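Take a look at the structure set out below.
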Amino acid sequence: LLDGMRETFSGAIHRLQGPVNLISAALRMLERRLGEQAGNDPVLSAMREASMAGQEALDSLSGAMPVRRAEAKMPVNVNQLIREVISLCTDELLAQGIVVDWQPALRLPWVMGAESRLRSVIKQLVMNAIEAVAHSQVSRRELFISTRVENQQVVRLEIVDSGPGIPAELALKVFEPFFSTKPPHAAGHGMGLAMVQEIVSEHAGTVHIDTTYRDGCRVVVELP
């Protein structure tokens, strides 16, 4: 819930920042053009008030943004988190007719991490996969999730959907804040994968989209 509130505040700040910046730029340009006459111009006066009001609104939003409390890191069972997320998403999976192939590693080391944060990562990736399949015309509606150990040091999580996939040229860009491949009218502010990357980085891990995969989208998360 707290991450959702922070995302909402971040989206509002981002959307307001653009118009405020435009007003400020136009204000400076008109002041230069009018020179000494700028002080008495009613349009400039109105623009100054609008600029000040916009900046005050930005400051208020920034000050009201919920502060994330640091969560203590502890040994986390990634397989257990995945089971919990699949259970939480059962209704959405059934509604979309998506078949889940869940292949956990039989012996998976614990990961030192913030349990709720890592659960948020898995849930975001699973929901992204469900949306990708739901909004496509593919006949094969599948979600494949697996875990395994790499080099006895890294826990590797793969989430693969049978949706349309992500073009290779966007494989890095989709992790940028406010970038989204969804239609403009669709829900979401393009913060999901940015949040995923932030949390994975907090745990000294990596996340990427496998651009060699051609039958949908494969997201790979590796955690030490």
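The values are calculated or read from the model by the stated rules, or taken from the named source; none is laboratory data. This one's a predicted model, so the numbers in the text were calculated from it and none came from an experiment. Neighbour counts are summed over all protein chains in view; Cβ atoms, including those assigned to glycine, are modelled from backbone coordinates with ideal geometry. Heavy atoms of the whole protein, side chains included, go into the accessibility calculation; ligands, DNA and RNA do not. Shrake-Rupley method; radii C 1.70, N 1.55, O 1.52, S 1.80 Å.
Worth pointing out:
- Looking only at the stretch 177-204, and only at residues there that are within 13 Å of A132 (Cβ to Cβ) and in a helix (DSSP H, G or I), the one that is modelled with the highest pLDDT: L193
Yes/no per residue for (1) over 22 Å from the mean Cα position of the chain (by Cα); (2) open to solvent by 80 Å² or more (accessible area, probe 1.4 Å):
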residue	(1), (2)
G18	no, no
A25	yes, no
E31	yes, no
S45	yes, no
S51	yes, no
E71	no, no
M74	yes, yes
V78	no, no
I98	yes, no
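- Qualifying residues in the stretch 132-153 (those that are in contact with a Gly (Cβ under 8 Å, 6 or more places away or on another chain) and assigned to a helix (DSSP H, G or I)) - the one least open to solvent (accessible area, probe 1.4 Å): V133
- Meets criteria (at pLDDT below 80 and surrounded by fewer than 12 Cβ atoms within 10 Å (Cβ to Cβ)) for Q37: yes
- Taking the criterion of being of a type outside the set (K, R) and loosely packed, with under 15 Cβ neighbours inside 10 Å, the residues of the stretch 101-128 that qualify are D101, W102, Q103, L106, W110, M112, S116.
- Counted residues, the stretch 80-96 - those being open to solvent by less than 50 Å² (accessible area, probe 1.4 Å) and in a helix (DSSP H, G or I): 5
- When the criteria are applied in full, V174 meets the requirement of being β-branched (V, I, T) and at pLDDT below 90.
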